[in-house]
Amino acid sequence: MDEAGEGIRDRVTRSGEDAIGRLAQEMLDNPVVSGALSRAFEARERASQAQGVAMGALNLPSANDVERLTRRIRSLGQRLDGIEDSVDAMNDRLASGAAAGITEGLDSIRETLDSISGRLDAIEEKLGDSS
């Protein structure tokens, strides 16, 4: 019984969809309806243009202007994020490179001090031997 109920419902749904499709096609094929739709779309376009002119005269941004600015701001924000990431990466590289450079410099200074200390010890020995 359940399968029969679903079958009937499917058939009724399908036939209803077909009937609506035929009705819509007949309305679109009707020159009066298609002309009315055409005129309605033209009127809508003219109203939109008139609205844009009026808003421009009042120095108010249109929805398209706001959308364009929003996209531009979003784009600039993404570019700024990229620049910030690049600066952070450069800062990290400089910090790690500077630390390595400082370590190498300190090692070089230690070696030089050890060498000087050794020479001073040798000089002290010679001075101690000659006295």
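Note down the net charge around Gly82, summing +1 for each Lys or Arg and -1 for each Asp or Glu among other residues with Cβ under 15 Å from its Cβ. Walk me through the numbers before you get to the answer.
Details: positive: Arg74, Arg79; negative: Asp81, Glu84, Asp85, Asp88.
Here the count lands on -2.
Taking the chain as a Gaussian network, Cα atoms linked when under 10 Å apart, which of Leu120, Leu76, Leu60 shows the biggest mean-square fluctuation?
Leu120
Starting at the first residue of the stretch 111-128, write each ³J(HN,Hα) from the Karplus equation 6.51 cos²θ - 1.76 cosθ + 1.60 with θ = phi - 60°, in whole Hz, x for Gly and Pro.
Karplus values, whole Hz, x for Gly and Pro: 4, 5, 5, 4, 5, 5, 4, x, 5, 5, 4, 5, 5, 4, 5, 5, 5, x.
Debye calculation, C-alpha points only, no solvent: report log10 I(q)/I(0) for the chain at q = 0.18, 0.22 Å⁻¹, in the same order as the q values.
Relative scattering, expressed as log10 I(q)/I(0), comes to -1.08, -1.20.
Readers should treat all values here as calculations from the given coordinates under stated rules, not as data from a laboratory. Note that this is a predicted model, so its numbers are computed, not measured. Reconstructed Cβ throughout: ideal geometry from the backbone, glycine too, with neighbour counts over all protein chains shown.
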